[in-house]
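Step one of this worksheet: look at the structure below.
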Ligand code: GLC
C-alpha cells in the first residue's frame, strides 16, 4: 500500500471555504477557519483537502472569477494565513489541493483591463475577441453556462468577447502561448509554496473551435432545463487540442514530486476517460461525476460501475464523486436512508473518493428565501432548481449560536436542523452519519483490498447491488439494498463471510450460511475469512 501514490490510496475532502468556518465574524468562512478545523479532517480520516478558490476576486461567481491568481482575497485572509495553513496541514500529514481556474479570469483582472483597452493592446489576443455578424448579432450561437449568449459586446473597441460563464468571467485564449506560459507560472507559484496539486476548473472548456462553428441544437432539451443545454457544446468545448494543454499542465505538476492533477470535466464517460491522456499523461483524475445524477437503483448503479471500469484506459485510476458545490446534495437526491448506502458506495468502490463537506453529517439542500439568494445562476434563471446556494450552506459544527460557524450573520442560512444535525452531536453518536463515515474511512484505510483492490461483480437480484474488492488474498464484499423492502443476497460460496460494517445497526444484515438478509435500505460490508 505504501508504494501507491497518496492520491490513489487516499480520500479527498472538498471544502467550500465561504461556508466552512468563519473566524472574522463577517459571516463568511476564511483560511484561519479551515486551519482551526484541521482536526476534523484527521478525526474523520481523510487524506487530502481540496479548497474551492480563495484568490482575489470581485466574487461575481464567488471566487471562480479571479482578478489576481497570486494573492488571497482579504475576505479569506492573507498569503501568510495560507502558508500557515499549508504548514499545519502538512504537519498533520494532510495534503492540500488548490482550485485552479484557468479558463477565464475576472473582467477586473489587469490582463482583461489591458485586453479591452484597445485592439492594439499587447494583451488583446489573451482573450477571445471577434467581430459580430454584419447585422450586429454575436459571432456565433455559443451559449453562456449561466444563461444567455456567450458573447458580450464591448462598445469601446467594437468587438464581442467570449465568456463561457458570466460576462464578468471573460475566457482566456488558450491558443496563445503567452497565456499558457503565464498560467503555468501561476501553477509553479503555488507548487513552490507547497500545495499538493490542483483541481482544474472546466478543463475541457479551455480550447474552443478554431473556426468558431455554431453548436448544434440538443434534440433532448426540454423547457425547465438549463438554457445552456439547448445546444450540444461540441464546438465551444471538448476540442482535441484541450488534451495538449492538459498534458502541458501535467508536465508542470510532474516537475514536483507527489502532486496530483484533477480535472473538472462534465462529459459522457467515453469522452471523459480521454482526459487521462493516451499515455496517461494528462489528468491523474478526471472527475467522474456519474453518481451526481445516477438513477438510484441497483441496476443503474451496477451498469455505471461496469461501463466505467470497462472504459478506463489500462493503468488509469478511477475516482468517484457524490456531491459538490454545483449540484444537489446526495442526502436530498436519494433521501437520508439511501444516503448511508451512498456513503458505503463512495468509500468502497474502486477509485479515489471525493467527499463534499457536510455530506459526512448528512446535510441536505437548504431552502433559500428569495431575498437571500446569492448564486448568479439562480438570479439569471430563477425557479428551475439550478441555484447552487442550497448545497453551499454553512457547516454546522455544534449547538452554539449559528452552529459554531460564525459569530456574525451567516452569508447563507444554516440547515434548519442544525441544533441536532451538527458535527459535535454526531460525534457523540456512533450510529450517526458522521460515525458511519469515520467507520468506513477507518475500514478503508485498514484494508488494502478496499483501498487499492480489484472490483469484482457479485451476482445479485431484486434491487441489491453487490461487489467484491480483492487484493493479494484479501477479499471484502459490499452488499447494498437499494430498495425500501427487505431483501437478501446469496454470498459467494468459496469463502466464509463476516460482517465488519453495517449502515443500520446489527439488524442490517447477518449471514445465515450463504444467505445474507438485508433490512430495508441497508448496506453491509463483509470480510472473507478462512
Ligand atoms: C466550475 C465551478 C463552478 C463555477 C464554474 C465557472 O464548474 O465548479 O462553481 O461557477 O466552473 O468557473
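When you check residue 420 against the structure, is it part of a loop (DSSP other than H, G, I, E, B) and loosely packed, with under 14 Cβ neighbours inside 10 Å, yes or no? Yes, satisfied. Kindly indicate whether any position in the stretch 296-317 is within 16 Å of the ligand (Cβ to nearest atom) and crowded, with 21+ Cβ neighbours inside 10 Å. Checked the stretch 296-317: no residue is within 16 Å of the ligand (Cβ to nearest atom) and crowded, with 21+ Cβ neighbours inside 10 Å. The single condition among (1) more than 31 Å from the chain's Cα centre (by Cα); (2) within 22 Å of residue 305 (Cα to Cα) that residue 516 does not meet is (2).
Yes or no, residue by residue, for (1) closer than 23 Å to residue 238 by Cα; (2) at pLDDT 95 or above; (3) in contact with a helix residue (DSSP H, G or I) (Cβ under 9 Å, 6 or more places away or on another chain):
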{"residue": "284", "(1), (2), (3)": "yes, yes, yes"}
{"residue": "287", "(1), (2), (3)": "yes, yes, yes"}
{"residue": "295", "(1), (2), (3)": "no, yes, yes"}
{"residue": "310", "(1), (2), (3)": "yes, yes, no"}
{"residue": "334", "(1), (2), (3)": "no, yes, yes"}
{"residue": "349", "(1), (2), (3)": "no, yes, yes"}
{"residue": "360", "(1), (2), (3)": "no, yes, yes"}
{"residue": "368", "(1), (2), (3)": "no, yes, yes"}
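For the stretch 7-36, give me each residue that is within 15 Å of residue 81 (Cα to Cα) and surrounded by fewer than 22 Cβ atoms within 10 Å (Cβ to Cβ). Those that are within 15 Å of residue 81 (Cα to Cα) and surrounded by fewer than 22 Cβ atoms within 10 Å (Cβ to Cβ): 23, 24, 32, 35, 36.
Given the criteria over 24 Å from residue 142 (Cβ atoms) and in the same structural domain as residue 384 (by TED's automatic domain parsing), does residue 269 qualify? So residue 269 fits the description; yes. All of (1) more than 16 Å from the ligand (Cβ to nearest atom); (2) surrounded by fewer than 21 Cβ atoms within 10 Å (Cβ to Cβ); (3) part of a helix (DSSP H, G or I) hold for residue 426 with one exception: (2). Residue 202 passes every criterion in (1) within 16 Å of the ligand (Cβ to nearest atom); (2) over 23 Å from the mean Cα position of the chain (by Cα) apart from (2).
Meeting the requirement of 2 or more residues that are in contact (Cβ under 8 Å) with a residue 60 or more places away in the chain and within 13 Å of the ligand (Cβ to nearest atom), the strands (runs of 3 or more DSSP E) wholly within the stretch 1-107 are 95-100. Pairs linking a residue in the stretch 191-205 that is more than 21 Å from residue 83 (Cα to Cα) and in the same structural domain as residue 99 (by TED's automatic domain parsing) to a residue that is modelled with pLDDT under 95 and near the ligand (Cβ under 10 Å from one of its atoms), with Cβ atoms under 9 Å and 6 or more positions apart or on different chains, do not occur. So residue 163 fits all but one of (1) away from the ligand (no atom under 13 Å from the Cβ); (2) in contact with a strand residue (DSSP E or B) (Cβ under 7 Å, 6 or more places away or on another chain); what number is the exception? Going through (1) away from the ligand (no atom under 13 Å from the Cβ); (2) in contact with a strand residue (DSSP E or B) (Cβ under 7 Å, 6 or more places away or on another chain) one by one, residue 163 breaks only (1).
In the stretch 262-281, which residue that is away from the ligand (no atom under 16 Å from the Cβ) and within 16 Å of residue 8 (Cβ to Cβ) is surrounded by the fewest Cβ atoms within 10 Å (Cβ to Cβ)? Among those residues, the one meeting the criterion is 280.
Per the listing 156, 193, 175, the residue uniquely within 27 Å of residue 228 (Cα to Cα) and away from the ligand (no atom under 16 Å from the Cβ) is 175. Taking the stretch 108-131 as the range and being within 16 Å of the ligand (Cβ to nearest atom) and in contact with a helix residue (DSSP H, G or I) (Cβ under 6 Å, 6 or more places away or on another chain) as the test, only 127 passes. Look at residue 143 and say whether it is touching a strand residue (DSSP E or B) at 6+ places or on another chain (Cβ under 7 Å), closer than 26 Å to residue 326 by Cα and either away from the ligand (no atom under 16 Å from the Cβ) or in the same structural domain as residue 13 (by TED's automatic domain parsing) (or both). For residue 143, the condition - touching a strand residue (DSSP E or B) at 6+ places or on another chain (Cβ under 7 Å), closer than 26 Å to residue 326 by Cα and either away from the ligand (no atom under 16 Å from the Cβ) or in the same structural domain as residue 13 (by TED's automatic domain parsing) (or both) - is not met. The set of residues from the stretch 232-245 being assigned to a helix (DSSP H, G or I) and within 16 Å of the ligand (Cβ to nearest atom) comprises just one member, 242. Tell me, yes or no, whether the stretch 338-351 has at least one residue that is crowded, with 23+ Cβ neighbours inside 10 Å and within 16 Å of the ligand (Cβ to nearest atom). No: zero hits. In this entry, residue 134 is excluded by the filter for residues that are surrounded by fewer than 16 Cβ atoms within 10 Å (Cβ to Cβ), outside any helix (DSSP H, G or I) and within 14 Å of the ligand (Cβ to nearest atom).
The values are calculated or read from the model by the stated rules, or taken from the named source; none is laboratory data. Not measured: the values here are computed from a predicted model. All Cβ positions, even for glycine, are placed from backbone atoms using ideal geometry, and neighbour counts span all protein chains on display.
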